[in-house]
Amino acid sequence: MTTQIKRKLFRKREVWERNLLVLWFGTFMAGIGFSLVMPFMSLYIDTLGHYSTAQLNFWSGLTFSSTFLVTTIISPWWGKLADQKGRKLMLLRASLGMAVVIALMGCVSNVYQLVGLRLLQGIFSGYISNATALVATGTPKEKSGQVLGTLATGSVTGTLLGPLLGGISASTFGYRPTFFITGIILFLVFLLSLFFVHEEFVPVKKENMVSAKQIFRELKYPQVVLGMFITTMIIQASNNSISPIISLYIRQLLNGHGNVTLVSGIIASIPGIATLIAAPRFGRLGDRIGSERILAIGLGFAVLVYIPMAFVTNVWQLAGLRFLVGISDACLLPAVQALITKYSPHHAAGRIFSYNQSFQATGNVIGPMIGSSVSSAFGYRGVFLSTSLLVMVNFVLVRHNTHDIHETVAEKTAPLDDSTLADHSLKEKQLH
């Protein structure tokens, strides 16, 4: 038994397996870097001036959204450059740029400077999407669901566990030092990517680049890939609609008592535990029964989880429902990435995943603005009801956009009737 474990741990690994190990850790730390500030961003803004509740909601939403607004616009350009120069170069650009910009956020003196740096952060986005593209293009297709599911646990779990570390750090050291800690983490990601990621990439000359129009003409199921872009956008809008108000909602549930920052970090991080456990398993299941089915199951489950969040009376109930959110998260983005990988040409993976990142960033813009607007009009509880409605719309769209895949699978697996068998027999006789 011990010998078998040693063989598995120390066996010689393929290049794609080594990249998966390094990039899992890299995306995990990138996810932490992005989300470390989430539980106290609203509270940090509150220290930068004197704001009413409506103003605080507005600035919180704008601060969360501003990074992703720039990402939406600039991602396709970075994706084109990734297909020309390689994805590793984009990993280095993103990680080093974010390290510097986020560290500077600890030095701001007003909310305008903070928003400006969040806009600048959007320029250095793309680490996770390029890691996904690099792994996807180097992985055997029959393992893509499992491998991308495993990779997704890195970014998703890092994103969800980050608030816990952020809450502990902000409670222990204060708000500003936490930004410096985040910058150090992202600089470590840069070093890991520089020394341990290997990419077999042949640069493509600008004149030999295939146009975006031609890429989409090559797609076997264009409505599936385009549909996954929209699905990604709505998933992110749903997940991030509560980002600006989560700490304020928890402060309301605690009636102003207790350590709001620490509790917010714990509540925001709980889904990460479920996602870490469930995502690889759902990835393997998706390889067997179809990623589109896993995606539909995850969306249906998410609707059932978000609705009761509006009616909780204490933080423990919210914590339990957040754990269930982690299970639904384990189904969603890994399944989307697997579908995009299966039905997209590898030579254009950089651009395909950058387009997906643009839609993802758009969802990150829309989500916090929805949360801020709904909370201002209907209170914090209304945000969870509007989010469940958004997820329900996404479920309907996924069923519509993956209809052709279901039909193709049904045709392949359907038993042959008498007339079909007769046709096959006639064709065989004609051949002989």
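Which one of the conditions (1) of a type in the set (A, V, I, L, M, F, W, C); (2) within 20 Å of residue 398 (Cβ to Cβ); (3) outside any helix (DSSP H, G or I) does residue 225 fail to meet, given that it meets all the rest?
Residue 225 satisfies every listed condition except (3).
Just give me the residues in the stretch 380-394 being under 16 Å from residue 248 (Cβ atoms) and not small (Gly, Ala, Ser), in sequence order.
380, 381, 383, 384, 387, listed by residue number.
Do any residues in the stretch 360-378 that are over 16 Å from residue 74 (Cβ atoms) and open to solvent by 50 Å² or more (accessible area, probe 1.4 Å) have Cβ atoms under 6 Å from those of residues that are assigned to a helix (DSSP H, G or I) and not basic (Lys, Arg), where the two are at least six apart or on different chains, and which pairs are they?
Qualifying pairs under 6 Å: 366/237; 369/61; 369/65; 376/54; 376/57.
Residue under question is residue 349, and the condition is that it be modelled with pLDDT of 80 or more, out of contact with any His (no Cβ under 7 Å at 6 or more places or on another chain), crowded, with 24+ Cβ neighbours inside 10 Å and among the small types (Gly, Ala, Ser); does it hold? Lay out the reasoning, then the answer.
Working: modelled with pLDDT of 80 or more: no; out of contact with any His (no Cβ under 7 Å at 6 or more places or on another chain): yes; crowded, with 24+ Cβ neighbours inside 10 Å: yes; among the small types (Gly, Ala, Ser): yes.
Considered against the rule, which asks whether it is modelled with pLDDT of 80 or more, out of contact with any His (no Cβ under 7 Å at 6 or more places or on another chain), crowded, with 24+ Cβ neighbours inside 10 Å and among the small types (Gly, Ala, Ser), residue 349 comes out as no.
Could you give me the residue pairs with C-beta distances under 9 Å whose first residue belongs to the stretch 25-43 and is open to solvent by 10 Å² or more (accessible area, probe 1.4 Å), whose second residue is among the charged types (D, E, K, R) wherever it lies, and which are 6+ apart or on separate chains?
43/251
A quick yes/no check of all residues on (1) within 22 Å of the chain's Cα centre (by Cα); (2) over 27 Å from residue 348 (Cβ atoms); (3) polar (S, T, N, Q):
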| site | (1), (2), (3) |
| --- | --- |
| 148 | yes, no, no |
| 155 | yes, no, yes |
| 166 | yes, yes, no |
| 169 | no, yes, yes |
| 174 | no, yes, no |
| 182 | yes, yes, yes |
| 192 | yes, no, no |
| 195 | no, yes, no |
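Would it be correct to say that residue 391 is part of a helix (DSSP H, G or I), surrounded by 13 or more Cβ atoms within 10 Å (Cβ to Cβ) and at pLDDT 75 or above? Break it down stepwise before answering.
Values: part of a helix (DSSP H, G or I): yes; surrounded by 13 or more Cβ atoms within 10 Å (Cβ to Cβ): yes; at pLDDT 75 or above: yes.
Spelling it out, residue 391 is indeed part of a helix (DSSP H, G or I), surrounded by 13 or more Cβ atoms within 10 Å (Cβ to Cβ) and at pLDDT 75 or above.
How many residues are open to solvent by 10 Å² or more (accessible area, probe 1.4 Å) and under 24 Å from the mean Cα position of the chain (by Cα) if we restrict to the stretch 236-260? Let's see the steps before the verdict.
Our first condition is that a residue be open to solvent by 10 Å² or more (accessible area, probe 1.4 Å); within the stretch 236-260, this holds for 236, 239-240, 251-260.
Adding the requirement that they be under 24 Å from the mean Cα position of the chain (by Cα) leaves 236, 239-240.
Here the count works out to 3.
Okay, residues lined up against (1) open to solvent by less than 30 Å² (accessible area, probe 1.4 Å); (2) in contact with a His (Cβ under 9 Å, 6 or more places away or on another chain); (3) modelled with pLDDT under 85; (4) of a type in the set (Asp, Glu):
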| site | (1), (2), (3), (4) |
| --- | --- |
| 73 | no, no, yes, no |
| 85 | no, no, yes, no |
| 107 | no, no, no, no |
| 135 | yes, no, yes, no |
| 147 | yes, no, yes, no |
| 165 | no, no, yes, no |
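The values are calculated or read from the model by the stated rules, or taken from the named source; none is laboratory data. Computed from a predicted model, the values in this text were never measured in an experiment. Every residue, glycine among them, receives a Cβ derived from its backbone with ideal geometry; neighbour counts consider all protein chains shown. Side chains included, ligands, DNA and RNA excluded: accessible areas come from the protein's heavy atoms. Shrake-Rupley method; radii C 1.70, N 1.55, O 1.52, S 1.80 Å.
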